[in-house]
1. Any idea what log10 I(q)/I(0) is at q = 0.13, 0.18, 0.21, 0.33 Å⁻¹ for region 147-194, Debye with uniform C-alpha scatterers and no solvent?
2. Springs between alpha-carbon atoms under 10 Å, Gaussian network over the chain: tell me which of Arg124, Arg203, Arg106 tops the mean-square fluctuations.
3. Report relative contact order for region 27-177 in percent, whole number only (criteria: Cα-Cα under 8 Å, sequence separation at least 6).
4. What share of all Cα pairs of region 135-272, in percent, falls into each consecutive 5 Å distance bin?
5. What is the Å³ per residue value for the convex hull set by the Cα atoms of region 104-156?
6. Any idea what log10 I(q)/I(0) is at q = 0.10, 0.12 Å⁻¹ for the chain, Debye with uniform C-alpha scatterers and no solvent?
7. May I ask for the Rg/Rh ratio of region 228-299, computed from Cα atoms with Rh as the Kirkwood radius, given to two decimals?
8. Considering only protein heavy atoms, what is the solvent-accessible area of Thr240 at a probe of 1.4 Å, reported in Å² to the nearest 10?
Amino acid sequence: MPPRPNPDRPDARPSAPHTRPPVSRLSSPHAGRLGSSPSDPASGHQLSHLLAELPLHPEAPLMVHASLSGTGLSPTRVRDALLDALGPRGTLVVPAFTPENSDSSRAHRALVARLSTEEAEEFRASMPPFEPDTTPCPSMGALAECVRTTPGAVRSDHPQTSLAAIGPRGAELLAGHDPRCHLGERSPLARLYAADAQVLLLRVGFEVCSAFHLAEYRMTPRPPQRLYRCVVGYRGNWFTYEDLTLDDGDFAEAGARLPEELLVRREWAKKPVTLFDMRAAVDDVCDQLSRYRSRNDLN
């Protein structure tokens, strides 16, 4: 098992992402470990046709955010369509965040909102530690969980904002995710940026675009910092660290301001699909946040 962050060692960092045994590209729409669900052949053909039309870069990583509700397709079918479109040299990346693992997150506050003080304390004491191989990412959607549980997938070791990937560059891109850096320069997002990754928003909007968090680390002035807490190693072992105060509240607005020439827009199953190069979008959003957030802070 990879090393775990230790609250008593400020320099503790995982050295490599968790890696499952290798697996070949999956061709069956019902392959994998999540089980199967009925798929709509027409919707599946539409997705494959859509992906074939998109200007995907053959060797660039592709980070995907997706909502599959209403498509009639299982997540395994969508995963396989994405892998087929990327080809053998492509790497599929998804967010595998686990905010439920942190008592300093909105997700945790929602879970204990109706509990008594005593019940909330008991709940906190019983929270399981983050384990890359087993901790699910339910708030990230069915496709992210499907990718995470695919044999051969890799996952970065951050206890709250890990990423998962399938493909030849997965281990390289997800290695060494600093537990004190959610999504900044010492995270896989910076490596994806350097690798000219593309981002695909599949039936979701810019409000969930994790790549924009990298812009927050690069904006001027930088956001203030705050404390975060996660469970690691074993129950009751709380890892406390300081990092940027991340805020996705204006990501939809920032995405709406992106120059149209940066975006490739389509539609699938009655909802929008947007493809763009991560580097150009992050640079633009960084400039936006530096200007608009500073102005809002003054008002």
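1. The Cα Debye sum returns log10 ratios of -0.25, -0.47, -0.63, -1.26.
2. For the chain, modelled as a Gaussian network with Cα springs under 10 Å, the answer is Arg106.
3. Numbers: 242 pairs, mean separation 41.6, N = 151.
Computed value for region 27-177: 28 percent relative contact order.
4. 2, 8, 15, 21, 22, 17, 10, 4, 1, 0
5. Numbers: hull volume 4.8 nm³, N = 53.
Output value, Cα hull per residue: 91 Å³.
6. Once normalised to I(0) and log-transformed, intensities are -0.55, -0.79.
7. A ratio of 1.15.
8. We get 60 Å² for Thr240.
The values are calculated or read from the model by the stated rules, or taken from the named source; none is laboratory data. All values derive from a computational prediction rather than experimental measurement. Ligands, DNA and RNA are stripped out before the accessible areas are found, and what is left, the full protein with its side chains, is counted by its heavy atoms. Shrake-Rupley method; radii C 1.70, N 1.55, O 1.52, S 1.80 Å.
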